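Values in this text are rule-based calculations from the coordinates and carry no lab data. All values derive from a computational prediction rather than experimental measurement. Neighbour counts run over all protein chains shown; Cβ positions are idealised from the backbone, glycine included.
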Amino acid sequence: MKLFVNQVFTGLLVTLTATSYAFPAMGWEKLHEFEARAKAAGLGPLESRAATSKNGAEPITDACPFAGAKSALVPGPNKGPYPVPDPKCPNIHQFQAPKPGDERGPCPGTNMMANYGFISRDGLTNYEELVNAQQNMLQIGWDLAVFLAALEVSLSGNPLNDGRISIGGARPDWTNTGLLDPLLGVPGGYDKHNGFESDTSFLRKDQDVARETDGNYGFDQATWKRLIEVCESGKYPKGKEYNFDCAVEARKAQYDYSLATNDRFFFGPYQLILYGTPQFLYKTWATGDLQPNRSLAMTVYGIEEDGKGGYREAPSKLPDNWYTAPEPFTFSSGTTDIIRMYAFNPVSFGGKVDNGTFVPIDSRSLKITNGKLDDPSSNGITCLMQQLLLQESPDIVTNSPLLRVPLSSLNWAKQKTQGMFSGLGCPELTPRGLFPDDHPLVRREQSIASK
Ligand code: HEM
């Protein structure tokens, strides 16, 4: 029986793989069919060839509860402020710089969670750890923690195997049995471009620019210096310059800079999440008497002076004697500031094609017309986030050979965030596929993938 199932399965795979290589943009429909037939043949989640991580997160105990988050299924009960690290718990959750070989990546928040053992210190983590760590270490609200973790694991991790994900580079050894690999792809880790990791970072070069220059996607001091120039131009209150107002100006400045300098610039709806990340500085890290200034930003982002008038990368750290915020930073607080920030400068969604022209996105289901959001209200953004996380076939993603989200990943994310979006009056999720195969952005993606 097993042999028979395997034969059916392999036959199917050969057929569908051939189809999806010949017509990459049509792979989606075939994947539905493939997954349904694999399920009918009794094939469940596949075994992995590699363990998640040798280390795992350090424990949350009754004596050292932090927010008390021990299961991703329910919110941690404890509110702040409480100290991190906790002086009463000297043996756990203390700072340790990463060792050679440990994964670290583009997110200072997650790098920090690994540096304090709230997720595995080797940077190889999973959905459960990420949801608990965000709450316990940083007082991120359960709903926001679930949203961020579910989104990134479905884009760049392996949801079929306990939601494992690398906070840095790709994990080719985390593919499944090998049979599904051509369809599911390699879990790309946080470094995977155009999901959460995007152009317009405040700390790093755009990936395609880096690829063509020094190949280094890490900290870029020129990008960081541009942020200093904007925030410390004298317009913003001294000693707390890196606030919401500066984030508004700096986001627009970085968008314009990237658009002008990156031949493969892309700014899609996912990029709104990166757009919102300055909030972590003034809401999550600037607690008590701490203010969002250069010194705090350098500590938490992981930047130090190089002794020659410049800056270099360092491990992300918490300030000494740090306490969390009193209240969790919720999903709705996050979306509110994204929309406030975006409303000041409603930059266009779209990307550049080979001749350097900017092509705006049009998407009926995402409610984007000519690169602009139809409903730039808080509810509009919240519903957009739901679409991004749960919709069957995000158009730019479906048609991108670089970034495909399989149905099983979306179903997994749906299950993790069940109920989160109910009662908001978001429109029904409808299938997309709005970019035809010959759309210039699709052609651009395909030509990059074939290089
Ligand atoms: C599971 C939860 C999270 C995931 C999956 C995640 C993932 C990422 C990724 C992939 C980026 C890179 C975006 C880019 O620059 O291209 C990023 C940026 C960032 N993340 Fe996270 N993140 C998470 C939670 C957090 C938390 C809790 C904080 C802070 C409290 C944080 C702070 C930041 C900041 C400040 C940036 C922007 C860095 C920049 O401009 O270059 N993140 N995150």
Between R340 and A314, what is the label-point separation in nm under the 7 Å Cα-to-beta-carbon projection? 3.1
Could you work out the local net charge near S348, counting Lys and Arg as +1, Asp and Glu as -1, over the other residues with Cβ closer than 15 Å to its Cβ? +1
Along the Cα-to-C-beta direction of N321, a point sits 7 Å from the Cα; which residues of the range 71-89 have their amide N less than 11 Å from that point? none
Sort 164-171, 201-208 for me by packing, meaning the mean count of neighbouring Cβ atoms within 10 Å per residue, highest on top. 164-171, 201-208
Please give the contour-minus-distance gain from D256 to T213: 0.36 nm per residue of separation, less the Cα-Cα distance, rounded to one decimal in nm. 13.5 nm
So if the hydrodynamic radius of the range 273-388 is defined as the Kirkwood radius over C-alpha pairs, what does Stokes-Einstein give as its diffusion coefficient at 37 °C and 0.692 mPa s, in µm² per second? 194
If packing is taken as the average count of other Cβ atoms within 10 Å, what order do 153-159, 122-128, 329-335, 56-62 fall into, highest mean first? 153-159, 122-128, 329-335, 56-62
Checking rank on 305-317, 131-143, with mean other Cβ inside 10 Å and highest first, the result is 131-143, 305-317
Say R0 is 56 Å: what FRET efficiency, to the nearest 0.05, do R364 and N55 get from their beta-carbon distance? 0.75
